[in-house]
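These notes concern the structure reproduced below.
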Amino acid sequence: MSPSPSQGKGKLYIVGTGPGRSDQMTMRARDAIASSTHVVGNQIYLDNVSDLLAGKEIFNSSMGREVQRAKKAVELAQDHMVSIVSGGDAGVYGMASIVLEIVEKSFPETAVEIVPGVTAASAAASLLGSPLSSDFMVISLSDLLTPWVEIERRLEAAFGVGVPVVLYNPKSLRRPDNLHTALSIAKKHLPGTTPIGVVKDAYRPDETVTVTKLEALAENDDFVDMHSTVVVGGLDSRIWAEGESVRGIITPRGYNRKYAY
Ligand code: SAH
């Protein structure tokens, strides 16, 4: 895809700001925001880039007002340099799709650049070792935009394959049992000893990393919240240990099948 040339002098950057800490943002993301005169986003993501915002026009809105925010950004981008910021990668459960749908429908000439960011799956995996080294799947347990029956169907299929499954949005205030239900589906397909990593607030001040097992998390997932990413290991995943202490999770890519080391 190539960005379409703008009729006006504006441009829209759709910027993934990474998991939280500013040094986990890409240079391109920082440059895009720095070169914008207008920045649109949810307050949480704007806070992550507060050092870049001096002198800019800021448009923030609360969670759940995504469509309104996306429209505002596209309108502004007809005449201005605009960044719309979205946590992690803007194209992974983020703002990119709604922004592009509005561009396509109402302002097709808008110049757009999508700036990738470190998504929660990569951020969480880096803190757990190497749990996602080969094929893996990603599923969001949020049923705000996807019906729950469809999510369950996807969970059955994903866990049935036996590769690691990363769960985004594992808990919501409205549906606190989503994770428990997902883990019950996992238990139908995977041994209770399957390693699981839970990373809460990756690369943020309250970061916590927990390595546990499927049977234990299915028993008690109280400590998991909506700022957590859950990495359910696959059939090849194992605990990475040093003596008695658990350092993380490794899913071998398969070098052992080819090489002696
Ligand atoms: N676009 C974002 C995902 C938004 S969905 C991205 O690419 O990362 C929101 C979910 O992402 C949260 O419920 C949580 O599961 C996950 N998440 C986002 N940031 C996180 C972080 N810093 N640590 C752990 N999980 C995170």
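Throughout, read-outs are computed from the coordinates displayed, never taken from laboratory work. This structure is a prediction, so every number in the text was calculated from the model and none was measured. Please note: Cβ atoms are built from the backbone with ideal geometry, for glycine as well, and neighbour counts cover all protein chains shown.
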Problem set entry | Dimensionless Rg ratio for the range 109-210, taking C-alpha atoms and the 2.2 N^0.38 Å reference | 1.19
Exercise. Once both axes come from the Cα atoms, what is the angle between helix 96-106 and the longest principal axis of the chain, in degrees from 0 to 90, rounded to 10?
Worked result: 40 degrees
Seminar exercise, completed: Distribution output for the range 1-145: share of Cα-Cα pairs per 10 Å bin in percent, first bin at 0, values 12, 42, 32, 12, 2
Problem set entry | Cα centre as origin, Lys/Arg/Asp/Glu Cβ charges: the chain dipole, Debye | 380 debye
Seminar exercise, completed: If Trp148, Trp240 are placed from fewest to most neighbouring beta carbons inside 10 Å, the sequence is Trp148, Trp240
Seminar exercise, completed: Non-local residues with an amide H under 5 Å from the amide H of Gly129, with H modelled 1.01 Å from N and Pro and chain starts lacking one, are Ile249
Exercise. Any idea what angle helix 148-161 forms with the longest principal axis of the chain, computed on alpha-carbon atoms, 0 to 90 degrees, nearest 10?
Worked result: 50 degrees
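Go through Lys56/Lys171; Lys213/Lys258; Lys11/Lys56; Lys171/Lys213 and tell me which ones have a Cα-Cα distance over 23 Å in this structure.
Values: Lys56/Lys171 35 Å; Lys213/Lys258 29 Å; Lys11/Lys56 15 Å; Lys171/Lys213 18 Å.
Going by Cα-Cα distance, Lys56/Lys171; Lys213/Lys258 fall outside the 23 Å limit.
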Problem set entry | Set of aspartates and glutamates with alpha-carbon distance to Lys187 below 13 Å, sequence-local pairs under 8 removed | Glu156, Glu215, Glu219
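For the ranges 22-29, 159-166, what's the packing order if you count other beta-carbon atoms within 10 Å of each residue, average per peptide, and put the highest first? Mind showing how you got there, number by number?
Numbers: 22-29: 16.0, 159-166: 20.6.
Order by mean packing, descending: 159-166, 22-29.
In the calculated pair distance distribution of the chain, what percentage of Cα-Cα distances lie above 26 Å?
Values: 15591 of 33930 pairs.
That fraction is 46 percent.
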Exercise. Counting Lys and Arg as +1 and Asp and Glu as -1, what is the net charge of the other residues whose Cβ lies under 12 Å from the Cβ of Ala77?
Worked result: 0
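On a full-extension model of 0.36 nm per residue, what is the gain between Arg257 and Lys187, subtracting their alpha-carbon distance, rounded to one decimal in nm? Intermediate results must be reported in sequence, preceding the final value.
Details: separation 70, 0.36 × 70 = 25.20 nm, distance 2.79 nm.
This chain segment gains 22.4 nm when fully extended.
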Problem set entry | DSSP beta bridges in the chain [antiparallel fraction, %, rounded to 5] | 45 percent
Exercise. Using bins 10 angstrom wide from zero, how does P(r) for the range 198-244 break down, in % of all Cα pairs?
Worked result: 22, 49, 27, 1
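Can you pull out the GluC sites (Glu not before Pro) in the range 135-201 that DSSP calls coil and that have at most 15 other Cβ atoms within 10 Å?
Working: sites: Glu150, Glu152, Glu156; in loops: none.
Nothing satisfies the criteria.
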Exercise. By counting other Cβ atoms within 10 Å of each Cβ, how are Arg21, Arg65 ranked from fewest to most?
Worked result: Arg65, Arg21
Problem set entry | Approximate spin-label separation Asp23-Glu152, in nm, with each point projected 7 Å along Cα-to-Cβ | 4.6 nm
Exercise. Counting alpha carbon pairs within less than 8 Å and at least 6 residues apart, what relative contact order, in whole percent, applies to the chain?
Worked result: 20 percent
For this session: Take every Cα pair under 8 Å in the range 129-199 that's 6+ residues apart, average their separations, divide by the length, and report that relative contact order as a whole percent.
Result: 34 percent
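Exactly which GluC sites (Glu not before Pro) in the range 39-117 are in a DSSP loop and have at most 13 other Cβ atoms within 10 Å?
Numbers: sites: Glu57, Glu66, Glu75, Glu101, Glu104, Glu109, Glu113; in loops: Glu109.
The qualifying sites are Glu109.
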